[in-house]
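Asks: Attaching a single structure in structure tokens format; questions to follow.
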Amino acid sequence: MTRTAAGTPTTANANAAVDALTASAATAGTTADTAAHTTAARPVGPAPPSPDELLRAAVRLDAWAAGAFGVFLLALGSLIDGPLGLPLAWSVPFGVAMLGGALALALIARYPEIPAPLAVLVVSCNAASSAALLVLAFVDLVPLTGWGRVFMLCGAAIVAAFAAAEYVGLARLRAPERART
């Protein structure tokens, strides 16, 4: 910086200094703005749950429960005939059907995004199965004992609980679709 004889800066040098400070401040502001935008774009904490997380968890648990129950019916079918009155001729087909249902549920749970029509099918099948178990508990189609009726009622309640959880998961899955329309 050149100075006059009195020691004050010249106008040209003062203008250059102001220009340098302005450019420095503008660069700093741009850097701060960029940092703010970059920071704001990054998610903080864990990713939000996907809309089908409840549905997927319910279907997955339903698959495990159905598979375990199918194995139970196949492995212990001859032992539960007496106390429950559920003949082996009924427990074997029920067990096979439960294993098939468990496999189908496990495959549905593996979809990257569970399609709504499959979720509707799962809820509908569970609701129908729950109703069928209620009917079997009160109609003499199968020679159930008192404990056998309790067994069917408990099964109906469990299947209905899965249907309800999957229905809530389906409603959450459809909520973003309704918000868009």
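Table: residues versus (1) outside any helix (DSSP H, G or I); (2) within 20 Å of Asp52 (Cα to Cα); (3) at pLDDT below 95.
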position	(1), (2), (3)
Ala65	no, yes, no
Ala68	no, no, no
Ala128	no, no, no
Pro143	yes, no, yes
Ala161	no, yes, no
Ala171	no, yes, yes
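Asks: Return the total of residues in the stretch 170-180 being open to solvent by less than 70 Å² (accessible area, probe 1.4 Å) and closer than 17 Å to Leu121 by Cβ.
Replies: Step one: list which residues in the stretch 170-180 are open to solvent by less than 70 Å² (accessible area, probe 1.4 Å), which gives 170-171, 173, 175-176.
When the remaining residues are screened for being closer than 17 Å to Leu121 by Cβ, the result is 170-171, 173.
Final tally of qualifying residues: 3.
Asks: Please enumerate the residues belonging to the stretch 136-152 that are aliphatic (A, V, I, L, M) and closer than 19 Å to Val92 by Cα.
Replies: At the first step, the residues of the stretch 136-152 found to be aliphatic (A, V, I, L, M) are 136-137, 139, 141-142, 144, 150, 152.
Passing the criteria: Leu136, Ala137, Leu141, Val142, Leu144, Met152.
Asks: Which residues, counting only those in the stretch 115-154, are in contact (Cβ under 8 Å) with a residue 40 or more places away in the chain and open to solvent by less than 40 Å² (accessible area, probe 1.4 Å)? So that I can check it myself, show each step before the final result.
Replies: Going residue by residue through the stretch 115-154, those that are in contact (Cβ under 8 Å) with a residue 40 or more places away in the chain are 116, 119-120, 122-123, 126, 142-145, 147-148, 151.
Once the filter is applied, which keeps residues that are in contact (Cβ under 8 Å) with a residue 40 or more places away in the chain and open to solvent by less than 40 Å² (accessible area, probe 1.4 Å), the stretch 115-154 yields Ala116, Ala119, Val122, Val123, Asn126, Val142, Leu144, Gly148.
Asks: Kindly evaluate Ala102 against the criterion of being assigned to a helix (DSSP H, G or I), of a type in the set (Gly, Ala, Ser) and farther than 18 Å from Phe162 by Cβ.
Replies: On the way: assigned to a helix (DSSP H, G or I): yes; of a type in the set (Gly, Ala, Ser): yes; farther than 18 Å from Phe162 by Cβ: no.
So Ala102 fails the test.
Asks: Then there is this: Write out, first by first residue and then by second, each pair whose Cβ atoms fall under 7 Å of each other, whose residues are 6+ apart or on separate chains, and whose first residue, in the stretch 90-105, is farther than 23 Å from Arg56 by Cα while the second is open to solvent by 40 Å² or more (accessible area, probe 1.4 Å) and in a helix (DSSP H, G or I).
Replies: Note: pairs meeting the criteria are Val92/Leu74; Gly95/Leu74.
Asks: When the residues of the stretch 105-126 are filtered to those that are farther than 22 Å from Val71 by Cα and in a helix (DSSP H, G or I), which remaining residue is farthest from the chain's Cα centre (by Cα)?
Replies: Here the residue is Ser124.
Asks: Please tell me if Tyr167 is open to solvent by 60 Å² or more (accessible area, probe 1.4 Å) and in a loop (DSSP other than H, G, I, E, B).
Replies: no
The values are calculated or read from the model by the stated rules, or taken from the named source; none is laboratory data. Bear in mind that the values here come from a model prediction, so they are computed numbers and not experimental data. When we count neighbours, we look across all protein chains shown, and the Cβ atoms used for this are built from the backbone with ideal geometry, even at glycine. Surface accessibility is based on the protein's heavy atoms, side chains included, excluding ligands, DNA and RNA. Shrake-Rupley method; radii C 1.70, N 1.55, O 1.52, S 1.80 Å.
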